[in-house]
Each structure stands twice: as structure tokens, then as C-alpha cells.
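Student: Once you've had a glance at the structure underneath, I'll fire off some questions.
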Amino acid sequence: MSYQLRIDEIVEAMQRAKMPEVNHYTAVIERLGTVMAKSLAAKIGVDCGDVTYDCGFFGAPFFPVTDGQPLPDELKNLDDEECWGEE
């Protein structure tokens with residue numbers, strides 16, 4: 001057996017270990033995540049913001065392009081669906 005950590009947990013552990021390079025790695029992950037998010041958004045016809053690391057996890061906001069646009073199937077069950085389209 002092994003002890004499995006998600007990327008955000010590795011960042012948190014590096015912060016706890018007071019590793020100065022964690023800021024560089026976090027910025028790299030945010031840039032890569034933003035490229036991935038924008039690619040996904042373009043593919044499924046929505047808009048998105050940049051990936052940021054905050055409150056212990058990496059995340060990007062996704063938005064409808066038009067008022068009333070339904071939540072794409074690809075994003076369902078990944079967050080609170082009631083938040084889709086809120087400002």
C-alpha cells in the first residue's frame with residue numbers, strides 16, 4: 001500500500017515543509033491548469049477563468065457563454081449545479 005496525495009495536497013505538504021520552491025511549482029501548475037481549462041471550455045462551448053491555488057485546492061471558474069445556457073454534460077456532478085450561471 002502507498003499513501004496517495006493529490007497535487008493540491010502535495011503543494012500543501014511542501015508549504016508545511018517550508019520549501020521555497022513551492023511557489024514556483026504552484027505557478028507552473030496554475031499556468032498548465034489554465035491552458036487545460038481554456039481548452040476544455042473551447043471544446044464544450046463555455047467560458048472560463050484562470051486556474052488559481054486558493055484555500056488548499058486548484059480551481060477554475062466556468063461560466064455560460066449566454067444567459068440560460070444549460071450546464072454541459074461534461075461538467076455535471078463536478079460542482080454544485082445550482083451555481084451554474086450565477087454571477
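Student: Per DSSP H run of n ≥ 4, the term is -39500 (n - 2.57); total these for the chain, divide by its residue number, and report the mean residue ellipticity at 222 nm rounded to 500 deg cm²/dmol. Kindly include the intermediate steps, with their values, before the conclusion.
Tutor: On the way: 2 runs with 33 residues, N = 87.
Calculated at 222 nm, the ellipticity per residue is -12500 deg cm²/dmol.
Student: Let me ask you something else. Out of residues 5 or more away from ASP47 or on other chains, whose amide H comes under 5 Å of its own, with H placed 1.01 Å from N in the peptide plane?
Tutor: Amide H neighbours of ASP47: PHE63, VAL65.
Student: Right, here's the next one. Taking only Cα atoms, what is the 0 to 90° angle, nearest 10, from helix 7-16's long axis to the longest principal axis of the chain?
Tutor: 40 degrees
Student: How large is the dipole of the chain about the Cα centre if only Lys and Arg carry +1 and Asp and Glu carry -1, each at its Cβ, rounded to the nearest 20 debye? Provide the component values of the computation, followed by the final result.
Tutor: On the way: 7 positive and 17 negative charges, 120 e Å.
Value, rounded to 20: 580 debye.
Student: Can you spot the lysines whose alpha carbon is less than 18 Å from LYS76's alpha carbon? Ignore those fewer than 8 places along the same chain.
Tutor: LYS38, LYS43
Student: Using only Cα atoms and rounding to the nearest 10 degrees, what angle (0 to 90) does helix 22-44 make with the longest principal axis of the chain?
Tutor: Between helix and principal axis, roughly 20 degrees.
Student: Under 37 °C and 0.692 mPa s, how fast does the chain diffuse according to Stokes-Einstein, given a Kirkwood radius computed over C-alpha pairs? Answer in µm²/s, whole number.
Tutor: Working: Rh = 14.6 Å.
Once the numbers are plugged in, D ends up at 225 µm²/s.
Read-outs throughout are calculated quantities, based only on the coordinates presented, and are distinct from any laboratory measurement. Note that the structure is a prediction, hence the values are computed from the model and not measured. When we count neighbours, we look across all protein chains shown, and the Cβ atoms used for this are built from the backbone with ideal geometry, even at glycine.
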